[in-house]
Amino acid sequence: MAAFNKFNQFVADVATGVHNLNSNALKILLSNTLPVATNTVKANITEIAAGNGYVAGGGAAAFVSGAQTSGLYKLVLSPVAWTAAGGSIGPFEYAVLYNSTPANGNLIGWWDYGTAITLTNGNTFTVALDQTNGVLTLQ
């Protein structure tokens, strides 16, 4: 599984109440352009073109659980998958997690898959989110 990288602004956004990770609508979009840690909102990300099974804005990363134990909050989200239909999806190398509830689409983090991926017709790509350790932790 690709390592999770957080955007710098995410920390300030949590501190100022931009994100309610337990109730806001979180999504994952695909990009073939390397995100930069200083990116702040969805408009800073170059998303791949919609079509063939990929919808602009990406897919919903549904809330599974968010709980604090001994001062450590763990966010668990459901995996997000796309299946190419009627043609290819991509190429893409990065999956970007963002909060779609605020109008700006405040960024949270991204995964780097190390090489460009193109889904050919009938193939599926899944952002496999850790159901045990969570997508991210805060302490």
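Only the coordinates and a few stated rules stand behind these numbers; no lab work does. These figures come from a predicted structure and were not determined experimentally. Here the Cβ is made from the backbone with ideal geometry for all residues, glycine too, and neighbour counts use every protein chain on show.
Okay, here's what the table says:
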| read-out | value |
| --- | --- |
| Lone unmet requirement of (1) within 14 Å of residue 31 (Cα to Cα); (2) surrounded by fewer than 16 Cβ atoms within 10 Å (Cβ to Cβ); (3) in contact with a Ser or Thr (Cβ under 7 Å, 6 or more places away or on another chain); (4) among the hydrophobic types (A, V, I, L, M, F, W, C) for residue 62 | (1) |
| Pairs, first under 13 Å from residue 97 (Cβ atoms) in the range 115-139, second assigned to a loop (DSSP other than H, G, I, E, B) and among the small types (Gly, Ala, Ser), C-beta under 8 Å, six or more apart | 127/61; 129/61; 129/78; 135/61 |
| Failed condition for residue 48, given (1) surrounded by 16 or more Cβ atoms within 10 Å (Cβ to Cβ); (2) under 20 Å from residue 73 (Cα atoms); (3) out of contact with any Pro (no Cβ under 7 Å at 6 or more places or on another chain); (4) among the hydrophobic types (A, V, I, L, M, F, W, C) | (2) |
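Matching residues to (1) in contact with a Gly (Cβ under 6 Å, 6 or more places away or on another chain); (2) in a loop (DSSP other than H, G, I, E, B):
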| site | (1), (2) |
| --- | --- |
| 85 | yes, yes |
| 98 | yes, no |
| 112 | no, no |
| 118 | yes, no |
| 126 | no, no |
| 129 | no, yes |
| 133 | no, yes |
